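The values are calculated or read from the model by the stated rules, or taken from the named source; none is laboratory data. Worth saying up front: this structure is predicted, and the values here are computed from it rather than measured. No Cβ is skipped: glycine too gets one built from the backbone with ideal geometry, and neighbour counts run over all protein chains shown. Accessible surface areas use protein heavy atoms only, side chains included; no ligands, DNA or RNA. Shrake-Rupley method; radii C 1.70, N 1.55, O 1.52, S 1.80 Å.
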Amino acid sequence: MAALIDLRHLGNEGVIASYLLEGPEPALVDCGPAICLPGLEAGLARLGLALADLRHILLTHIHPDHAGAAGELVRRHPALQVHVHEVGAPHLVDPERLERSARRLYGESFDGLFGSIAPVPAENVRVLGARALGLEVVPTPGHAWHHVAFLDADGVCYAGDALGCLLPPGNFLYPASAPPEIDLEAWEKSFAALEERAPGVVRLPHFGEHGDACEIIFRARGRLRDWAGRVAAGASEAEFVEEAVRELVEEAGEAAALYRQLPGLDLSYAGLVRYFTKKAERERSG
Ligand SMILES: [Zn+2]
């Protein structure tokens, strides 16, 4: 059994979710940022649990909106095991570089958006293999090198940021393509890897459960291709953002304002530009 916990990021419902996997050893899929710890605690309490009951955290990736609270959770409850891709593991133990990179992106809003990032002691970190806690671990690079999705036996996919963000009641699905690690080739393979497994249900951290998993994959891939195409064709940031805002308003309607809680469309542009610039550099150097 699994339950969605709305972390009520900055008091808003429906922006960042964590998922509780119930059982003898309760686990979270992504624990959210430190600033959401009160929301996590309240969400667990509604399900009859306390933070101390948790035994595991499965991380789709280490970005602060997914994993920022892990160090603080372990500090309070040293029995917690934090499962993460091997490339992400050293950055949990020593989060300085991760924090610097995120601060570069978010500037002065970093602290208000995420809170602090405490290190996770090495002895609490478990490097992910092919399976974890009975779930299949599916490497899904593209949004980040070390990104994974988790798939349970019932066809439920915990997709992290691999399939983009969709904030109900809005129906605008967009790829989280902020810098610095966007890789379109890898992302295409990740879409294919998920599609091959034909999940029935997708659970998104941003946000909620969607019963039309194949459609979500199809739409996420389509929009990423569209956006990448615009950047490759030389769209300026202003042109890119204008077009994306038009799509946002058309597809999200009244919920458009909610999307402002997530990384901006200018960051999605910057991530794609960086990808194409790096690619051109690689090709030049042979
Ligand atoms: Zn992310």
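Values computed for the structure shown
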read-out	value
Acute angle (nearest 10 degrees) that the helix 96-106 long axis makes with the longest principal axis of the chain, alpha-carbon atoms	50 degrees
Of all accessible heavy-atom area on segment 2-284, the percent that carbon and sulfur account for (1.4 Å)	53 percent
Fully extended contour minus Cα-Cα distance, from ASP53 to GLU86, at 0.36 nm per residue	9.3 nm
Difference of contour (0.36 nm per residue) and Cα-Cα distance, GLU25 to TRP145	40.3 nm
GNM top mover of PRO119, PRO205, PRO24 - the chain, alpha-carbon springs below 10 Å	PRO24
Taking segment 2-284 and dividing mean pair separation by its residue count, relative contact order in percent (alpha carbons under 8 Å, at least six apart)	16 percent
Förster radius 41 Å - calculated FRET efficiency between GLU41 and ALA193, Cβ distance, rounded to 0.05	0.75
Percent antiparallel among DSSP beta bridges (both partners in segment 2-284, rounded to 5)	65 percent
Nearest-20 debye value, the chain charge dipole, Cβ charges on Lys, Arg, Asp, Glu	560 debye
Extended-chain gain in nm, criterion 0.36 nm per residue less alpha-carbon gap, ALA122 and ALA256	44.2 nm
Expected 222 nm ellipticity per residue - DSSP helices of 4 or more, -39500 (n - 2.57), all of the chain, to 500	-12000 deg cm²/dmol
Modelled FRET efficiency - R0 35 Å, HIS77 with SER109, Cβ distances, 0.05 increments	0.75
Estimated FRET transfer efficiency (ALA130, VAL249; beta-carbon r; R0 30 Å; 0.05)	0.10
